[in-house]
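Undergrad: The structure under discussion is supplied below as structure tokens; questions concerning it will follow.
The values are calculated or read from the model by the stated rules, or taken from the named source; none is laboratory data. Computed from a predicted model, the values in this text were never measured in an experiment. When we count neighbours, we look across all protein chains shown, and the Cβ atoms used for this are built from the backbone with ideal geometry, even at glycine.
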Amino acid sequence: MGNIIGFLGEGFVSEPDTGHERKGARGHDRASDEDRASNEALLDSYSRAVVDVVDAIAPTVVRVELSGLRQGRRTEGTGSGVIVSPDGLILTNNHVVDTARLVSITLSDGRSFLARVLGKDPDTDLAVLRGETSETLPAARLANSKSVRPGQIAIAVGNPLGFQSTVTAGIVSAVGRSLRAQNGRLIGDVIQTDAALNPGSSGGPLASSSGEVIGINTAMILGAQGICFSVATNTAQHVLAQILLHGRVRRARVGIVAEQMPLPPRLAFKHGLMQQSSVYIREVQPGSPADKAGLKTGDLLVRLDGEAVTGVDDMFRLLDAHRIEKIVTATIVRGSTLTEIEICPEERDG
């Protein structure tokens with residue numbers, strides 16, 4: 001009976017305690033202490049990583065205040081932005097400055113100055129501002145967003161609801177998403193994260209644990225928890241370059257809705273393709289150049305004019321102004337067959 005009571009509950013033992021049992025209890029306590037220490041160390045490592053990123057990125061995050069006219073009425077608003085060059089180039093969202101006539105920038109240290117809108121791109125919900133200041137400004141580093149992977153740490157910095165330099169942290173939930181912009185067109189190459197975004201966070205940076213910007217925060221799904229979106233920096237860099245060159249983004253259009261998708265290893269091996277991802281064609285718009293050329297829903301686009309297409313950002317980059325009204329060769333995988341199709345892109349309106 002003594003053994004049964006001892007087995008059912010510690011402290012109710014009728015038989016004398018043994019040294020072996022006491023030694024086992026001490027060993028269990030030491031293991032618990034080591035587990036607690038390990039957990040605390042892990043938490044401290046995560047905290048340090050976030051703090052280091054915030055220290056690096058926060059000085060480059062700005063508050064964007066604007067006034068303008070919408071439907072004949074004076075409007076005011078705020079948002080966020082991130083400085084990307086020391087001479088005052090700032091990335092933000094198109095919907096933040098869409099109707100702005102006057103834009104004011106405030107840095108985290110309280111300095112402020114006016115800015116002008118160099119260009120806007122509703123298709124990606126991005127805009128480029130130029131700060132009207134002669135000061136040298138802190139600038140963020142833009143990462144190669146193609147290297148972003150689901151599960152890695154994501155840190156968002158912005159000015160939600162007027163609160164300066166607010167930080168939220170989470171993970172990258174998915175990459176290569178498509179998101180419909182306010183003008184109805186789909187934004188490709190979007191990063192999904194569970195780092196919380198709120199009104200006023202729009203235009204701020206999403207950063208990796210290395211302190212590099214991987215996305216420009218653009219949207220959240222109202223009523224959902226942990227579903228927020230950022231436009232990847234590879235797309236942002238393309239938009240920035242086009243606006244600096246043309247004042248707008250000139251694009252060739254083929255007329256597909258697409259998203260990034262892993263390329264099945266068996267297909268890559270069979271056709272000698274070195275890339276790990278491709279562009280999955282979700283929809284072909286009727287009457288479009290892609291439709292006329294014979295592209296179909298379900299095709300995997302792997303090359304354009306011989307250059308690898310590993311994501312929607314590659315497709316946007318390659319379908320630039322130089323390819324408008326010129327024949328391009330699209331290499332696709334249809335089923336298990338590698339096929340080349342000639343397409344004549346047209347210039348996208350707007």
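Undergrad: Out of the residues in segment 310-347 that are within 17 Å of Met274 (Cα to Cα), touching a helix residue (DSSP H, G or I) at 6+ places or on another chain (Cβ under 8 Å) and modelled with pLDDT under 95, state the one that is surrounded by the most Cβ atoms within 10 Å (Cβ to Cβ).
TA: Per the criteria, the residue is Gly311.
Undergrad: Related question: I'd like to check which helices (runs of 4 or more DSSP H) are fully inside segment 211-316 and have at least 3 residues that are free of Cβ contacts under 8 Å to residues at least 40 places away in the same chain and farther than 30 Å from Tyr46 by Cα.
TA: Fully inside segment 211-316 and qualifying: 265-271.
Undergrad: Does segment 149-156 contain any residue that is modelled with pLDDT under 90, surrounded by 15 or more Cβ atoms within 10 Å (Cβ to Cβ) and part of a strand (DSSP E or B)?
TA: Scanning segment 149-156 turns up no residue that is modelled with pLDDT under 90, surrounded by 15 or more Cβ atoms within 10 Å (Cβ to Cβ) and part of a strand (DSSP E or B).
Undergrad: Additional query: Mind listing just one residue for me: the one in segment 317-343 that is hydrophobic (A, V, I, L, M, F, W, C) and in a strand (DSSP E or B) and, of those, farthest from Val257 (Cα to Cα)?
TA: Among residues in segment 317-343 that are hydrophobic (A, V, I, L, M, F, W, C) and in a strand (DSSP E or B), the one farthest from Val257 (Cα to Cα) is Leu338.
Per-residue answers, yes or no, for (1) touching a Gly at 6+ places or on another chain (Cβ under 7 Å); (2) modelled with pLDDT under 95:
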{"position": "Glu65", "(1), (2)": "no, yes"}
{"position": "Gly72", "(1), (2)": "no, yes"}
{"position": "Glu76", "(1), (2)": "no, yes"}
{"position": "Leu89", "(1), (2)": "no, no"}
{"position": "Asn94", "(1), (2)": "no, yes"}
{"position": "Gly110", "(1), (2)": "no, yes"}
{"position": "Ala115", "(1), (2)": "yes, no"}
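Undergrad: Please verify whether Leu114 is surrounded by 15 or more Cβ atoms within 10 Å (Cβ to Cβ), aliphatic (A, V, I, L, M) and over 28 Å from Ile256 (Cα atoms), treating the condition exactly as stated.
TA: No; evaluated as a whole, the condition is false for this residue.
Undergrad: Moving to a separate point now. Going through Ile281, Ile216 one at a time, which residue ends up being modelled with pLDDT of 95 or more and more than 28 Å from Ile327 (Cα to Cα)?
TA: When all the criteria are applied, what remains is Ile216.
Undergrad: If a residue has to be surrounded by fewer than 18 Cβ atoms within 10 Å (Cβ to Cβ) and assigned to a strand (DSSP E or B) to count, how many in segment 49-103 make the cut?
TA: 10
Undergrad: Can you find even one residue in segment 115-137 that is hydrophobic (A, V, I, L, M, F, W, C), more than 26 Å from Gly247 (Cβ to Cβ) and in a loop (DSSP other than H, G, I, E, B)?
TA: Checked segment 115-137: no residue is hydrophobic (A, V, I, L, M, F, W, C), more than 26 Å from Gly247 (Cβ to Cβ) and in a loop (DSSP other than H, G, I, E, B).
Undergrad: Out of segment 327-344, which residues are free of Cβ contacts under 8 Å to residues at least 40 places away in the same chain and farther than 25 Å from Ile187 by Cβ?
TA: Ile327, Thr329, Arg334, Gly335, Thr337, Thr339, Glu340
This table checks each residue for (1) touching a Gly at 6+ places or on another chain (Cβ under 7 Å); (2) in a loop (DSSP other than H, G, I, E, B); (3) assigned by TED's automatic domain parsing to the domain that holds Ala232.
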residue: Leu179; (1), (2), (3): no, no, yes
residue: Asn183; (1), (2), (3): no, yes, yes
residue: Asp189; (1), (2), (3): yes, no, yes
residue: Ser202; (1), (2), (3): yes, yes, yes
